[in-house]
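Presented below is the structure to which this report refers.
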Amino acid sequence: MTTYYGKGVFDAIAIGKAFLFQHQDRPVRKYCVSNIPRELERLKAAKELAKKQLREFHEKALREVGEATAQIFEVHMMLLEDDTYNTSIQDLIETQSVNAEYAVSATAESLSITFSSMEDAYMQDRAADIKDISDRLILCLGNAEKETLKSTEKMIICADDLTPSDTISLNKDSVLAFVTAYGSPNSHTAILARAMNIPAVIDVGFEFLSAVTNGMQIIVDGHTGEVMLEPDDKAISKMLSRKQEVMRKKELLQELKGKETITIDGRKIKLCANVGTADDINTALENDAEGIGLFRSEFLYLENKDYPSEDMQLQAYRRVLESMAGKKVIIRTLDVGADKRIDYFQLGKEENPALGMRAIRICLTRPELFKTQLRALYRASVFGKLGIMFPMITSVWEVERILAICEEVKSELRKAALPFDENMELGIMIETPAAAIISDRLAPLVDFFSVGTNDLTQYTLAVDRQNAKLEPFRDTHHEAILRLVQLSAENAHKHGIWIGICGELAADPSLTETFLRMGIDELSVSPPFVLPLRDAVRKLDLSK
Ligand code: PEP
Ligand code: MG
């Protein structure tokens with residue numbers, strides 16, 4: 001048994017089999033495999049899948065474009081059976097104990113070099129074919145695994161790291177836990193794991209990836225951050241009893257369902273949930289959230305291959321509002337950019353994406369995109385109690401521009417006789433130091449503030465939220481952050497608007513009393529934290 005230590009981001013325990021996640025859009029990763037026959041089996045399954053795909057392409061090409069073009073796929077099928085190609089891949093796996101993806105990629109590279117250096121133009125062209133079939137085979141290695149993942153028991157996803165789009169594309173029903181070599185607790189992937197109610201440990205270090213193999217038994221302790229490979233019987237029984245203890249605590253919290261979020265001395269706050277997907281809404285309801293304090297609408301964009309249309313968005317927002325049956329739902333407009341990259345946005349490479357074209361900056365630069373979302377939101381407002389909030393605000397002019405665009409959208413809807421809620425609340429996120437510092441100027445313009453402590457921490461402390469190495473410098477309780485929250489709360493109340501916190505800090509029970517004393521009106525947290533936080537609030541007495 002070997003134990004690795006990382007950071008637990010969701011307090012739950014999982015015991016199960018490992019599944020090595022291969023990014024399909026990244027360079028192939030090399031790692032050691034201990035079960036060589038199994039790796040050869042994977043290769044065989046992937047080859048079968050690749051052949052099946054090529055046969056289908058061949059038939060389609062014959063039907064649609066004729067025999068000459070269809071021949072390309074015949075050549076590819078022959079290459080897949082080529083002895084030199086296959087022997088090289090197999091030898092690499094057997095002699096160097098490497099993963100099949102790496103063996104395919106290394107073989108492709110060396111054969112491509114050989115073919116490209118030949119005089120004969122026909123042979124030179126084969127270099128591209130080798131590359132093509134190898135890319136297909138690598139893709140099939142991932143897909144064959146994914147098929148396994150779908151059809152069998154739940155597995156523990158092990159990866160170097162996971163982007164928000166990787167995480168969102170995983171089928172939640174097949175995932176038992178996440179373990180990543182890198183990553184930071186405030187990253188969107190960690191936030192997603194929490195919202196999905198899945199044990200997760202991040203930043204366990206790169207060595208973990210060379211030790212873990214597909215199908216290996218692992219224990220993931222999302223509380224202590226321990227990840228045990230091939231645990232012995234003693235470790236398994238200890239973990240099983242810890243797991244029961246965690247379950248017992250959760251059962252006790254069920255008694256708080258339907259109860260008010262109120263302190264002993266009668267101070268009531270609104271306790272809401274942060275969500276990003278339809279699944280999260282169910283978890284929010286199961287955990288008795290009093291509303292949705294943050295709906296991260298960008299996940300709708302991340303899940304799609306192209307810009308979601310106004311109607312598609314309208315249906316999605318309508319479903320959320322109807323599921324919440326009259327409870328307040330605050331939908332945040334698109335917050336892509338930084339770590340949330342979406343190909344079809346073509347954002348281009350930026351030196352400092354967290355300080356780059358992100359969130360409201362994209363919306364104000366591309367008003368048509370923004371207006372499509374706003375129209376969908378306004379039209380959805382008749383199906384429940386909707387509020388809209390805008391991310392990454394730094395300046396008064398931005399809010400003025402947003403409000404002007406909202407007015408344009410409203411007058412267009414009126415002209416088209418499309419109904420909407422005239423009294424819908426509009427708020428902004430306080431997640432940059434600039435917004436907190438000028439909160440006295442911003443408050444008169446909006447109906448509420450919602451503090452995004454994840455970004456407020458990143459921008460105030462100049463600590464990249466994606467960079468795990470900066471952990472010692474990421475003091476989420478730093479006085480500067482707490483003072484900015486306090487200042488925003490004072491300015492909100494001075495101007496008669498309410499203020500909530502929707503960053504991860506809202507769920508930190510060691511700060512609940514501080515936030516309540518500051519006058520925070522709403523806390524919005526990942527669904528599994530709703531009941532523990534209600535418990536913490538109900539034990540507080542602010543009169544003391
Ligand atoms: C925040 O920054 O605190 C926040 C809630 O937004 P996100 O984590 O989606 O950036
Ligand atoms: Mg943010």
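The values are calculated or read from the model by the stated rules, or taken from the named source; none is laboratory data. As the structure is a prediction and not an experimental result, all values here were calculated from the model. Cβ coordinates were reconstructed from backbone atoms using ideal geometry, including for glycine residues, and neighbour counts include every protein chain displayed. Accessible surface is based on the protein model in full, side chains and every heavy atom, while ligands, DNA and RNA are left aside. Shrake-Rupley method; radii C 1.70, N 1.55, O 1.52, S 1.80 Å.
Per-structure values
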item	result
Computed FRET value (nearest 0.05) for Asp132 with Leu403, which takes r as the C-beta separation and R₀ as 56 Å	0.60
Space enclosed by the convex hull of the alpha-carbon atoms of the chain, per residue, Å³	177
Accessible area in the full protein assembly, largest first, 1.4 Å probe, for Phe345, Phe473, Phe73	Phe473, Phe73, Phe345
Accessible surface, 1.4 Å probe, highest first, among residues Ser309, Ser112, Ser543	Ser543, Ser309, Ser112
Nearest-10 value in Å² for the accessible area of Met424, using the 1.4 Å probe	10
Euclidean distance of C-alpha centroids, the stretch 450-489 and the stretch 1-80, integer Å	41
Additional length obtainable on full extension of the chain from Leu364 to Glu94, 0.36 nm per residue less Cα span	91.6 nm
Per residue accessible area in Å² of the stretch 468-544, where ligands, DNA and RNA are left out and the probe is 1.4 Å	43
Net lengthening on full extension, His495/Met78 (0.36 nm per residue, minus Cα-Cα)	142.7 nm
Computed label-point distance, nm, for sites Ser34 and Met357 using a 7 Å Cα→Cβ extension	4.7
Residues of type lysines that Lys51 reaches as a straight line, Cα spacing below 24 Å, ignoring anything fewer than 8 places off in the same chain	Lys60, Lys131, Lys146, Lys150
Net +/- balance of residues flanking Val320 in space, Cβ distance below 13 Å, scoring K and R +1, D and E -1	+4
Where the stretch 205-347 is the region considered: accessible area per residue in Å², 1.4 Å probe	45
Accessible-area composition of the chain, carbon plus sulfur, in percent [1.4 Å probe]	52
Sequence ranges 182-195, 5-18, 240-253, ranked by mean other-Cβ count within 10 angstrom, highest first	182-195, 5-18, 240-253
Antiparallel DSSP beta bridges within the chain, percent to nearest 5	30
Trypsin sites (Lys or Arg not before Pro) within the stretch 291-373, DSSP loop, no more than 10 other Cβ atoms inside 10 Å	Lys305, Lys349
Chain lengthening between Thr514 and Asp279 when straightened (0.36 nm per residue, less Cα-Cα)	81.4 nm
Angle in degrees between helix 479-494 and the longest Cα principal axis of the chain, rounded to the nearest 10	50
Rounded FRET efficiency, nearest 0.05, which uses the C-beta distance separating Lys44 from Ile236 and R0 of 25 Å	0.20
Label-point separation in nm, Lys349 to Ser323, each point 7 Å along Cα→Cβ	3.9
Heavy-atom accessible area ranking, 1.4 Å probe, most first, across Phe57, Phe21	Phe57, Phe21
